[in-house]
Amino acid sequence: MDWQEAFGSHPRIGQRQAQSYATDKSLQWSVQEQQTALSPDDSTKLMLEEANQRYELKFGWVFIVCASGKTLAEILDILNMRTLNDAASELHETVEQQRQITELRLRRWLEAE
């Protein structure tokens, strides 16, 4: 499905590489957007990895959040709370987050022109 391809082009929170193809510019923006989640702390990395795994096991796609302006604690809280959603609600929320990220990136792209 198209939405699965779009979701797969996002790196996991706390990581720099996507599961599937993503442009260099998209990956660069992703790193900027989730700067607070790219922690050098090993225990924090482990918490993110475990939360991402639980989420992906439950829903079958990567956790997506518009991370710009959010702290690592906020992102972890959001990830843990959204793992409690049912699949239909979470798909709706993930699509909304994808929309917010796309809007943010379009604005950046237009401002750079």
Sequence order, the range 60-73: Karplus ³J(HN,Hα) from phi using 6.51 cos²θ - 1.76 cosθ + 1.60, θ = phi - 60°, Hz rounded, Gly and Pro as x, gives x, 9, 5, 5, 10, 9, 6, 7, 4, x, 9, 7, 4, 4
With Cβ to Cβ distances under 9 Å as the rule, what net charge do the other residues near ARG12 carry (K, R +1; D, E -1)? -2
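FYI, it's all coordinate maths here, none of it is from the lab. Since the structure is predicted, the reported quantities are computational estimates derived from the model, not experimental observations. So basically every Cβ, Gly included, is an ideal-geometry build from the backbone, and we count neighbours across all protein chains shown.
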